[in-house]
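Engineer: So that we are looking at the same thing, I have put the structure below in structure tokens.
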Amino acid sequence: MENESKIGRFFQSISDKIQDQAWFQQLKVKWDELDAKTKMVAKYLGLIGSSVLIVVVVGSSLYAVADKKREIDDKQALAQKIQSSQDELRKLKDITSRFNGAGEAPWPQFLQERATAAGFDPSLVQVTSEKIISVAAPKEVKSKDPKALTPQTPAAAPEESLVETSLKKVNVRQLVKFVQEVENGGRTVKVRRLQIDTNPDESGYLDATVVVSAFRLKQP
């Protein structure tokens, strides 16, 4: 209640100050000189003007909010496109590395590195055989200029090797992890056959033979 009385006194003091102004007294005298009909028209005009002003202010605010929202939506859409492009570039780099940079190491070394990642001694992994089973014919890169004298350069062709690997005394968890690491180790490798031989001592360890198809680009 005390706060309300203070606010009331504040507005009352402002009203008194306005009424004491000369321009207000002159305006009041002119208003009193008007007849009732003119006063009514003036009130209606004032009401209409106030309504129009409110509509303009509210409309401007709504337009500013909509414009800001549209700007934010455009920025979000652009950010999503940039993120999508970055994801596609990462996928492309991953695919390229599977055929190029990551494929330089010999297959025995690659498989032993996967054993380390799977958590067991890489010496337990031995490559028993490795042979190339297919090489796609290289494609020639044709020049767009029919008058060019430079010879056509053949592009790199995919080469498939069949690699047979022997694992000695590993447990089931290590074997499963090894297979996962082989297929997701940064090179294009697919497990074609998995043969398991349990040891007769029932120690929980087993021997396994893993045959994989390994692919890489063969440079001309």
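Each reported figure results from applying straightforward, stated rules to the coordinates on display, with no laboratory input. Predicted, not measured: the structure shown is a model, and the values here were computed from it. Please note: Cβ atoms are built from the backbone with ideal geometry, for glycine as well, and neighbour counts cover all protein chains shown.
Engineer: Please order Glu181, Glu33, Glu130 by the number of other Cβ within 10 Å, starting at the fewest.
Structural biologist: Fewest-to-most Cβ neighbours within 10 Å comes out as Glu33, Glu130, Glu181.
Engineer: Using the count of nearby Cβ atoms within 10 Å as a rough guide to exposure, how do Lys168, Lys43 rank from fewest to most?
Structural biologist: Exposure proxy ranking, most exposed first: Lys43, Lys168.
Engineer: Starting from the eigenvalues of the Cα gyration tensor, five times each then square-rooted, give me the equivalent ellipsoid semi-axes of region 1-80, largest first, whole Å.
Structural biologist: Those come to 43, 23, 11 Å.
Engineer: What is the Cα centroid distance between region 112-126 and region 157-192, reported in whole angstrom?
Structural biologist: A separation of 11 Å, based on Cα centres.
Engineer: Can you pick out the pairs among Lys131/Lys168; Lys43/Lys69; Lys168/Lys190 whose Cα atoms lie more than 27 Å from each other?
Structural biologist: Lys43/Lys69
Engineer: What does the charge count near Lys131 come to, summing +1 for each Lys or Arg and -1 for each Asp or Glu among other residues with Cβ under 11 Å from its Cβ?
Structural biologist: -3
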